[in-house]
């Protein structure tokens, strides 16, 4: 009896710093955001504490639904491309000799050692009118193409930034796979493709889901890349939220938009957890 | 059993605490109600207060005042200390200054229309001219600014206008009209940038249509929107901050730009600036004293010190902004290509942007519709 109580006390002592941190710094702001979304914008900004549900009504405004739709489209496209590039990459890394595995993994993570904004600036230098890509194409007698300040450039930037977040969970899933399963499949006469389709892929679905979520979530809410590479010509939901706070001085609506974003992401997380458990 | 109950109850307790906090925050403020203008009354200030007991907290844009200012102020004015906080934009400054409770800021640098808004919210201490003898250094025009005639609650620090910044060697014809940027000629196709900061996004279209920059009429804003939507496919990008770099790199040939941000002094000498014939705005960045300040004598002394010709000319000489201080501008050597030589009278042709209060949401909406469309 006293032993179990001691263990419980120990768990409490060790858990409490992390729990307090999470609860205080996540839950309290969340509650404040929720509260703010039910109030009104002041004449000069700030919050007027008069109850309203008008902000939630504005969410279904075609203008904002359009922005939400654009964000989903761009984030989904980025996620699919990341999966298409990330899966073979992770597969190859998992089959490398141990020494080279480490090298390859470090190479995947390496870009994170440089400042995010600088890496995005580098893309501007690469893609703009007088940039490297167009200069190279010119030598071949091609172009110039409009590579920058459009939705394509946004996808390129997001894909570049978040590809490692796809490769790493996929690598973990593929690496964990027992090679004997593949051997058994081959011994039983399955072609390499059938083995991949019927054995490897189903067993790595949790990795696929985790990687997709890791890419989708930051892509969906990103506002720096649409501004820098998209030239602010199309806005994503992240830009919209940022603008409510820093330009339009409309905190209540900004809070409502933020809640909508969180709601979408929570639904996705729950779906992922559910699918992963089933898989 | 008891373990699970414990972990389930904790979030509930924290949620309750959060709600209590939210409610407390709500109860704390009522001054920002939409009642309208209610400027604060002036405090009684002592001209010979002991400044060495006063500490100043200033909020200002990065690089906008000399780095040595805190040291200089401590030596010359004998105030106890001068601390500098930075804000990136007016909106961020407003967030700091209008948050419930004491912002702890004594002197803030904000643009004219924001000073007007702060004053109407009753957050500013009226300027006591007897404590700022250097007000006499200002151009007469600088005391008649439409958002604050007579400098009742704000003192201008820099001023300028918005126009077209362009590459003299890459344009086929020198721009003269806002239409040159709104309906770019084939040689400028996809080589034009515009600002998205809401009031300045609308400015070229409103002026080209012959409307006021301060319009709140729905049909005028709608017409401006049509013009901006028609322009969008022909733009390189919207850009509020790096349009100068794009011009220098040759990515763009024309940009809507604030005069101080147009790199006309670039050594290659191929960048020009023009105020279109339809007219433009006059923007002013000002210094204001917060009503909540407990160091108002020192705050006045600081503003008076900044209006000293030697101190004030720093801004013109170092950040290339015109200052509304006649005595200061007379000290500045104007470099080749610089726009510093523009006369105040010409500048004042521009229409000062004033705060539109609730109607400003129309411009937010316009900006969202144009960029999302």
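A short reminder: the numbers here are calculations on the coordinates, not readings from a lab. Note that the structure is predicted; figures quoted are calculated from it, not measured. So basically every Cβ, Gly included, is an ideal-geometry build from the backbone, and we count neighbours across all protein chains shown.
Of the residues B:74, B:291, B:322, which exhibits the maximal mean-square fluctuation in a Gaussian network model of chain B defined by a 10 Å Cα contact cut-off?
Its mean-square fluctuation being the largest, the pick is B:74.
Once you have a ≥ b ≥ c as the square roots of the Cα gyration tensor eigenvalues for the stretch A:54-278, tell me rounded if a/c is under 1.5, and otherwise prolate or oblate according to whether a/b is larger than b/c.
It comes out oblate by the Cα gyration axes.
Can you tell me the relative contact order of chain B? Whole percent, Cα pairs under 8 Å, sequence separation 6 or more.
Numbers: 652 pairs, mean separation 91.4, N = 373.
Relative contact order, chain B: 24 percent.
Using Cα pairs under 8 angstrom and six or more residues apart, how large is the relative contact order of the stretch A:54-278, in percent?
On the way: 241 pairs, mean separation 61.6, N = 225.
So the answer I get is 27 percent.
Taking neighbour counts of Cβ atoms within 10 Å as a proxy for exposure, in what order, fewest first, do A:257, A:140 appear?
A:140, A:257
Among bridges DSSP assigns within the protein assembly as shown, what percent are antiparallel (round to 5)?
Details: 27 of 42 bridges.
Antiparallel bridges: around 65 percent, rounded to the nearest 5.
Quick check on chain B: helices-only [θ] at 222 nm, where DSSP H runs of length 4 and up contribute -39,500 (n - 2.57) each and the sum goes over total residues. Nearest 500, please.
Numbers: 13 runs with 133 residues, N = 373.
Rounded to the nearest 500, the figure is -10500 deg cm²/dmol.
From the square roots a ≥ b ≥ c of the eigenvalues of the alpha-carbon gyration tensor of the protein assembly as shown, which class results: rounded (a/c under 1.5), prolate (a/b over b/c), or oblate? Kindly include the intermediate steps, with their values, before the conclusion.
Numbers: a/c = 2.11, a/b = 1.41, b/c = 1.50.
Since a/c reaches 1.5 but b/c is at least a/b, the shape of the protein assembly as shown is classed as oblate.
Efficiency by 1/(1 + (r/R0)^6): what FRET value for residue B:369 and residue B:212, r their Cβ-Cβ distance, R0 = 22 Å, to the nearest 0.05?
Values: r = 20 Å, r/R0 = 0.93.
Computed FRET efficiency for residue B:369 and residue B:212 comes out at 0.60.
Pick out which of A:11, A:248, A:104 has the largest mean-square fluctuation in a Gaussian network model of chain A, springs linking Cα atoms closer than 10 Å.
Maximum among the listed residues: A:11.
Considering Cα pairs under 8 angstrom that are at least six residues apart, work out the relative contact order of the stretch A:25-174 and quote it in whole percent.
Working: 96 pairs, mean separation 37.8, N = 150.
Dividing the mean separation by the residue count of the stretch A:25-174 yields 25 percent.
From a point 7 Å beyond the Cα of residue B:177 in the direction of its Cβ, which residues of the stretch B:199-242 have a backbone N at a distance under 11 Å?
Zone members listed by number: B:208-209.
How far apart, in nanometres, would the label points at residue A:92 and residue A:137 be if each is projected 7 angstrom from Cα along the Cα-to-Cβ direction?
2.5 nm
When DSSP assigns beta bridges and you keep just the ones with both residues in chain B, what percent turn out antiparallel, to the nearest 5? If you can, show how the numbers build up before the last one.
Numbers: 25 of 39 bridges.
Among the beta bridges of chain B, antiparallel pairing accounts for roughly 65 percent.
Pick from A:240, A:126, A:77: which residue has the top mean-square fluctuation in a GNM of chain A where Cα pairs under 10 Å get a spring?
A:126
What list do you get for B:278, A:227 if you sort them by fewest beta carbons within 10 Å? Walk me through the numbers on the way to the answer.
Working: B:278 16, A:227 25.
Ranked by crowding around the Cβ, least crowded first: B:278, A:227.
Tell me, B:312, B:87 in order of fewest to most beta-carbon neighbours within 10 Å? Numbers along the way, then the final one.
Values: B:312 24, B:87 21.
Going from sparsest to densest Cβ surroundings: B:87, B:312.
Pop the C-beta distance of residue A:80 and residue A:5 into the FRET formula with R0 = 56 Å and round what comes out to the nearest 0.05. The partial results should precede the final answer.
On the way: r = 52 Å, r/R0 = 0.93.
The calculated FRET efficiency here is 0.60.
Put a dot 7 Å past each Cα toward the Cβ at residue B:294 and residue B:343; how far apart are the dots in nm?
Between residue B:343 and residue B:294, the simple spin-label model gives 5.0 nm.
With a ≥ b ≥ c taken as the square roots of the eigenvalues of the C-alpha gyration tensor of chain B, please select rounded if a/c is under 1.5 and otherwise prolate if a/b is larger than b/c or oblate if it is not? Provide the component values of the computation, followed by the final result.
Details: a/c = 1.87, a/b = 1.19, b/c = 1.57.
Oblate, because a/c is 1.5 or more while a/b does not exceed b/c.
Quick one: work out the % antiparallel among DSSP beta bridges in the stretch B:163-309, nearest 5. Numbers along the way, then the final one.
Working: 8 of 12 bridges.
Among the beta bridges of the stretch B:163-309, antiparallel pairing accounts for roughly 65 percent.
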